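Read-outs throughout are calculated quantities, based only on the coordinates presented, and are distinct from any laboratory measurement. Because the structure is a prediction, the values reported are computed rather than measured. Cβ atoms come from the backbone with ideal geometry, glycine included; neighbour counts cover every protein chain shown.
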Amino acid sequence: DSRDYIYIYALASQEIGVGSNDAATLTFQANFPDQNSGNASNELIRGVDNLETNLWVRNHGTTTETYGVVTRAKLPNGAYYPPTGWLTQNVITLAPGENGAVLFDQFIPGVAPTGNYTLEGYVGFAPSTLVTLSALDFIVIP
């Protein structure tokens with residue numbers, strides 16, 4: 001059947017610290033380079049690759065809601081980028097029980113330090129109502 005798809009590589013994240021009363025949850029679905037060849041990993045080449053991921057939000061409430069979705073990166077030295085504020089700030093409106101995706105697409109600059117990174121995502125409006133954290137680990141290589 002021409003409508004069947006076989007996925008040979010997938011990487012998703014698990015929500016961190018999500019309680020049963022959270023009205024929304026967030027999950028990353030990353031698209032790492034070479035995913036279609038089956039050779040994908042979470043390594044990104046600085047000055048060459050982009051980190052591309054869908055941030056999937058689910059409305060667990062009983063009414064249509066508008067959510068903010070914000071991201072920041074934890075660097076290999078433990079500091080955050082950007083030092084204040086957010087890499088991205090998006091808004092998504094979802095009906096009860098609905099899932100929706102916000103695209104994150106960030107070029108890895110050639111001056112980025114090599115090492116282990118964590119992309120953090122939050123649902124809510126920064127800084128006061130952030131309720132859900134999800135994290136995606138990746139490695140920047142030369």
What ranking, highest mean first, results for peptides 91-102, 46-57 when packing means the other Cβ atoms within 10 Å averaged over each residue? 46-57, 91-102
When the charge dipole of segment 39-84 is computed with +1 on Lys and Arg Cβ and -1 on Asp and Glu Cβ about the Cα centre, the Cα farthest towards its positive end, among TYR80, LEU55, VAL70, belongs to TYR80
How compact is segment 71-125 by the rule of thumb for globular proteins, expressed as Cα Rg over 2.2 N^0.38 Å? 1.36
Which of the peptides 120-129, 24-33 is most tightly packed, and how do the rest follow, going by the mean number of other Cβ atoms within 10 Å of each residue? 24-33, 120-129
What does segment 51-142 give for Rg and for Dmax, in Å, if only its C-alpha atoms count? 14.3, 47
